[in-house]
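Here is the structure we will look at, set down as structure tokens.
The values are calculated or read from the model by the stated rules, or taken from the named source; none is laboratory data. Just so it is clear, the structure is predicted and the values come from calculations on it, not from any experiment. Positions of Cβ are backbone-derived with ideal geometry, glycine not excepted, and every protein chain shown enters the neighbour counts.
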There are 2 protein chains.
Amino acid sequence: MGDVLAAAKPEDFRAPNPEDTLYLELASGRVVMELAPLFAPNHVANVKALVREGYFDGSAIVRVHENYVVQWADPDGKREIKRAQRTLPAELDRPAEGAPFTPLADRDTYAAEVGFSAGFPAARDAASGTAWLVHCYAMLGAGRDVAPDSGGGAELYVVIGHAPRHLDRNVTLFGRVLSGMERLTSLPRGTGALGFYEKPEQRVPIQRIRVAADVPAAERTELEVLRTDTPAFEALVESRRNRREEWFLRPAGHVEVCNVPLVVRPKAPAK
Amino acid sequence: MGDVLAAAKPEDFRAPNPEDTLYLELASGRVVMELAPLFAPNHVANVKALVREGYFDGSAIVRVHENYVVQWADPDGKREIKRAQRTLPAELDRPAEGAPFTPLADRDTYAAEVGFSAGFPAARDAASGTAWLVHCYAMLGAGRDVAPDSGGGAELYVVIGHAPRHLDRNVTLFGRVLSGMERLTSLPRGTGALGFYEKPEQRVPIQRIRVAADVPAAERTELEVLRTDTPAFEALVESRRNRREEWFLRPAGHVEVCNVPLVVRPKAPAK
């Protein structure tokens, strides 16, 4: 993989759009998330509206469920929502047409076809003509109650364990963590049902969440992401499908969609 | 899943053999691991020999690699090995014949056939007539250097992220964590190359490791594990393949081998 990245050209990388990037600030530092308006435009718009009215500032991580999710929300459920919506209809899939797609040749347990769309792990189904994001590690979703339209973005989760792919098309995914995953995964696990923290003082305070576009340039985390529609990405997939490093005795010959690294690195300084 | 477990009979569960169970003691508490002599008899015997000569007592967790592994070893590489072996030939697979196998009907990205053998996630290949353990979350392996026979059990790792299945048949798996995973997964990530801790004081001390059979009965962690060769287990797999809880809008219809929970619970008191 090092060789593939060393050979990649500057144009194989893209800078995430600051308007579709969130910064979650914890005492331990920043978690950077990229949003996916192509797949969940209403959730992206609503979460940004919540962020911009300060809904999450001073809220908390309330649930750390071992091998599953980290979740944050208004801990007391009493926060006013001013301009954003409290709930939205779920956005579980979209027409495949119009969504770029780099298919992965390897078979998948859950979907007829998997691959990558605009930098996110995704799946497609020719019969229904739909595409959707899939629950890989680090994916960002909007929690909901039993009713499909009971989510909307006021409760968010990030996948921290083995990909819970049974959630695909059951709950709205709308982004993924680009950096800072370790600030979420190393948190103490909640000991209550479903991994909720049992005592208020166990909750992990969220200082604030901001849209990167609203943050002064000097305070931004400048990242670049390997495009998923380039020969460099194809070479990367192949380098993971068949590991050629001396250590490997038997290249796998296959790679699972959630095992393909979606490479993120600090942005190269301008020359 | 609750319904399946409520309907399970006492004989659907088994108590792990104390002679094939390890207790790893950290300041935060105990991690219980079950060994798999069926798949890696030499590694199991050697790790038990290392444990019994106190090789790991006062050693440390030296590596916590985000979305990959937690690893422990002699931090300074200077410990004497008395009766155990320092290295062993890798045990990457075994004859399929003689290993019980409950196949999973669902397709897998990596192997022609996956399923469960003696309580462990496993795979088989009819062409070669072999079976092997697979790298799911919580699996326990023996690290090695480049040479296939450079492992043996003096450096051990547990999978803490999305299943790194490309490691299957490249490195010896010989057990899995039954309880206490959260004591490993919530550790701070190492910031050095490959997730190694950069400073000695960051390492996480291991108080000791013992074979459960050597621990007084009153100090044991009594667990029971759902057998993987019973109708109750089949029902559990189906309950995960097609989630019927009211929350789910669209049952997946499939389940991946590493997404099938291998149920462990405190042993029911004798009546």
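A few points about this structure:
- The residues in region A:246-268 that are at the interface with another protein chain (Cβ under 9 Å from one of its Cβ atoms) and at negative phi can be counted, and the count is 13.
- Boolean, residue B:177 is buried (at least 20 other Cβ atoms within 10 Å of the Cβ) and either at pLDDT 95 or above or assigned to a strand (DSSP E or B) (or both): yes
- Top-ranked residue in region B:226-251 [being surrounded by 18 or more Cβ atoms within 10 Å (Cβ to Cβ) and among the β-branched types (Val, Ile, Thr); ranked as farthest from residue B:267 (Cα to Cα)]: B:237
- Set A:57, A:76, A:108: member being closer than 27 Å to residue A:236 by Cβ and among the charged types (D, E, K, R): A:108
- Residue within region A:227-239 that is acidic (Asp, Glu), closer than 30 Å to residue B:150 by Cβ, part of a loop (DSSP other than H, G, I, E, B) and within 14 Å of chain B (Cβ to nearest Cβ) present: no
- The single residue among B:183, B:210, B:189 that is surrounded by 14 or more Cβ atoms within 10 Å (Cβ to Cβ), modelled with pLDDT of 95 or more, among the charged types (D, E, K, R) and assigned to a loop (DSSP other than H, G, I, E, B) turns out to be B:189.
- Qualifying residue in region A:199-218 (condition: under 24 Å from residue B:189 (Cβ atoms), of a type in the set (S, T, N, Q) and within 14 Å of chain B (Cβ to nearest Cβ)): yes
- Residue in region A:99-136 that is surrounded by the most Cβ atoms within 10 Å (Cβ to Cβ), counting only those that are away from chain B (no Cβ under 14 Å) and part of a loop (DSSP other than H, G, I, E, B): A:119
- Taking each residue of region B:53-68 that is more than 14 Å from chain A (Cβ to nearest Cβ) and looking for partners that are among the hydroxyl-bearing types (Ser, Thr, Tyr) with beta-carbon atoms closer than 8 Å, six or more apart or interchain, yields B:62/B:197.
- Within region A:99-122, the set of residues being touching a residue at least 60 places away in the same chain (Cβ under 8 Å) and of a type in the set (Gly, Ala, Ser) comprises A:99, A:115, A:117, A:118, A:119, A:122.
- Residues of region A:26-55 classified as over 16 Å from the mean Cα position of the chain (by Cα) and either over 20 Å from residue A:83 (Cα atoms) or basic (Lys, Arg) (or both), total: 5
- Filtering region B:240-262 to residues that are within 26 Å of residue A:150 (Cα to Cα) and not in a loop (DSSP other than H, G, I, E, B) leaves B:240, B:241.
- When we screen B:158, B:64, B:114 for residues that are among the β-branched types (Val, Ile, Thr) and within 21 Å of residue B:44 (Cα to Cα), the only hit is B:158.
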